[in-house]
Amino acid sequence: MKKLYIETMGCQMNKSDSERISGILSESGYVETDNEKEADLLIVNTCSIRQLSADKAYSKLGVWGKRKKTNPELKIAICGCVAQQDKEKVRQRAPYVDLVFGTHNIYELPSLIERMEHNEKVCAITNKPVVCNQNDFKIIRKDSVNAWIPIIEGCNNFCTYCVVPFTRGRERSRRPEEIITEAKNIIKEGFKEITLLGQNVDSYGKDFNDKNITLANLLRELNKLEGDFRIRFVTSYPSDITDDLINAVDECDKVCKYFHIPMQSGNSHILEEMNRHYTKNQYYEIVKKIRSRFPDVAITSDFIAGFPGETEEEFQDTLNAIEELELDYSNTAAYSPRVFTKAGKMTDKFLPEDVKYERLERLNEKNKEVCLKSNEKCIGKVFKVLVEGKTEKDGKIILNSRAGNNKIVHFEDNSKNIGDFADVKITKAQTWCLFGECCN
Ligand code: SAH
Ligand code: SF4
Ligand code: F3S
């Protein structure tokens, strides 16, 4: 067996792709290792969401390129969003790369690897995905508790700052039967949580000519499967969350009461500049609707600080939104110009780096403050948690778990194990996690 090392950057979609790459390559004679120094094949699965992420990919390649000088047999591959974006240009920066493959070319890997092994320099980037049943391919999942199922790939939204529609292509949903088969396999293998993935998961099924194929109905179908497991879905687009989806989340006991709904900005003018299809008030209405339906729900978000042309007052609206909406957690980032995007061309409106980073700092402060408040409200409540990990501290066993609303809960217990559900009463709150006592 040859040894394979995969370094994965970026979002859950990339992590899920890496598990699929690992599975496919296991059938071509590769076994995955955690030690990059002993690998025969090195793959970097890249992210291009911000310049920093793309730079990280190239600096990894640089390190590996040097290693090839002393070990010419070593093979180096790059895939993911930077590969899809830069295509042959990858080789101009890193000529020692043996294989470049795009986000649409994963299922062609067996033949690509064979060509690479015959010392051909391969670059496989298409804009059309290979049509196949993904269940025909092996998947080697990294986690033993949570399993990812991509249900829709690509994005049609073209937010002006975002490179994803260019690196992942247009929306393509997987057939519900295929997803349900994958879910059944996952449950049989003993996984306790299924996370349905998509850049815009609420668009699931819109590309089929069948109005019954929706995320809401998929949740209903998955909820019917037997077994002790729970279901999550990410990421939601604010104005695509339908009443039917909210009803489905309510009806389905296995579906976690948790929504990740990136707002991006709390100001309607900036939202319009971003080509987001909702106003500040519409976002507020959606949050209100969800909160009134599910008392213990958590709503998390993403925000960008320093979008081109953003004024101090407009930025203040973002800080106000986080506070007024009592968002449970937010991912934050300073705006980073991306190739192909509309905002990337608004160079005359770009804000100075120090302004962007100063705003990001205030955004992070506000996020921290609001997160702590959200966590403090959990004290005294009992959550059903799923144990994800275990650590030993001063002779005591501390379990790391996650509640349905996605909050991290630590508790001391000797009888529960990784993969077990437990009822935990929350006794203490910190900014990023909760502490509690098991009560069952
Ligand atoms: N599909 C999801 C998000 C995918 S990208 C959505 O629509 O919300 C993940 C996050 O990266 C985005 O929510 C956004 O906050 C951030 N992001 C995307 N492009 C960015 C850019 N050019 N600069 C800074 N942050 C960006
Ligand atoms: Fe990017 Fe917008 Fe699509 Fe999200 S919805 S992936 S932010 S273009
Ligand atoms: Fe990054 Fe591509 Fe995901 S750009 S965030 S890895 S879809």
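The values are calculated or read from the model by the stated rules, or taken from the named source; none is laboratory data. Everything numeric in this text was worked out from a predicted model, so none of it was measured. Positions of Cβ are backbone-derived with ideal geometry, glycine not excepted, and every protein chain shown enters the neighbour counts. Surface accessibility is based on the protein's heavy atoms, side chains included, excluding ligands, DNA and RNA. Shrake-Rupley method; radii C 1.70, N 1.55, O 1.52, S 1.80 Å.
Among the candidates 358, 365, 388, 392, the residue that is under 23 Å from the mean Cα position of the chain (by Cα) and either outside the structural domain of residue 298 (by TED's automatic domain parsing) or outside any loop (DSSP other than H, G, I, E, B) (or both) is uniquely 388. Taking the conditions exactly as written (closer than 17 Å to residue 16 by Cβ, within 16 Å of ligand 1 (Cβ to nearest atom) and open to solvent by 20 Å² or more (accessible area, probe 1.4 Å)), does residue 181 satisfy them or not? The answer is no for residue 181. What residue, of 170, 174, 230, is more than 16 Å from ligand 1 (Cβ to nearest atom), under 20 Å from the mean Cα position of the chain (by Cα), basic (Lys, Arg) and within 30 Å of residue 100 (Cβ to Cβ)? Testing whether each residue is more than 16 Å from ligand 1 (Cβ to nearest atom), under 20 Å from the mean Cα position of the chain (by Cα), basic (Lys, Arg) and within 30 Å of residue 100 (Cβ to Cβ) leaves just 174. Working only within the range 190-213, note down all residues that are in a loop (DSSP other than H, G, I, E, B) and in contact (Cβ under 8 Å) with a residue 24 or more places away in the chain. Listed by number, the residues that qualify are 190, 191, 192, 199, 200, 204, 205, 206, 207, 208, 213. What number of residues within the range 389-405 satisfy the criterion of being surrounded by fewer than 19 Cβ atoms within 10 Å (Cβ to Cβ) and touching a residue at least 24 places away in the same chain (Cβ under 8 Å)? Residues in the range 389-405 being surrounded by fewer than 19 Cβ atoms within 10 Å (Cβ to Cβ) and touching a residue at least 24 places away in the same chain (Cβ under 8 Å): 2 in total. Looking at the range 369-385, which of the residues that are open to solvent by 90 Å² or more (accessible area, probe 1.4 Å) and in a helix (DSSP H, G or I) is farthest from residue 437 (Cα to Cα)? Restricting to residues being open to solvent by 90 Å² or more (accessible area, probe 1.4 Å) and in a helix (DSSP H, G or I), the top hit is 373.
Screening the candidates 331, 320 for the property of being within 22 Å of residue 359 (Cβ to Cβ), within 16 Å of ligand 2 (Cβ to nearest atom) and surrounded by fewer than 22 Cβ atoms within 10 Å (Cβ to Cβ) yields one hit, 331. Just to check your reading of the model, which residue among 270, 241, 261, 290 is over 30 Å from residue 141 (Cα atoms), in the same structural domain as residue 328 (by TED's automatic domain parsing) and within 16 Å of ligand 2 (Cβ to nearest atom)? Criteria check complete, one pass: 270. Scanning the range 401-440 for residues that are in a loop (DSSP other than H, G, I, E, B) and aromatic (Phe, Trp, Tyr) yields one hit, 432.
Take the conditions surrounded by 20 or more Cβ atoms within 10 Å (Cβ to Cβ) and either under 23 Å from residue 104 (Cα atoms) or free of Cβ contacts under 8 Å to residues at least 24 places away in the same chain (or both) and apply them to residue 245. Does it pass? No: the conditions fail for residue 245. Going by the conditions given, is residue 370 touching a helix residue (DSSP H, G or I) at 6+ places or on another chain (Cβ under 8 Å) and more than 28 Å from residue 321 (Cβ to Cβ)? No. The set of residues from the range 110-155 being within 25 Å of residue 75 (Cα to Cα), among the charged types (D, E, K, R) and open to solvent by less than 60 Å² (accessible area, probe 1.4 Å) comprises just one member, 141. Going by the structure shown, is residue 198 under 30 Å from residue 4 (Cα atoms), more than 16 Å from ligand 1 (Cβ to nearest atom) and either touching a Cys at 6+ places or on another chain (Cβ under 9 Å) or of a type in the set (Gly, Ala, Ser) (or both)? Taking the combined requirement at face value, the residue does not satisfy it.
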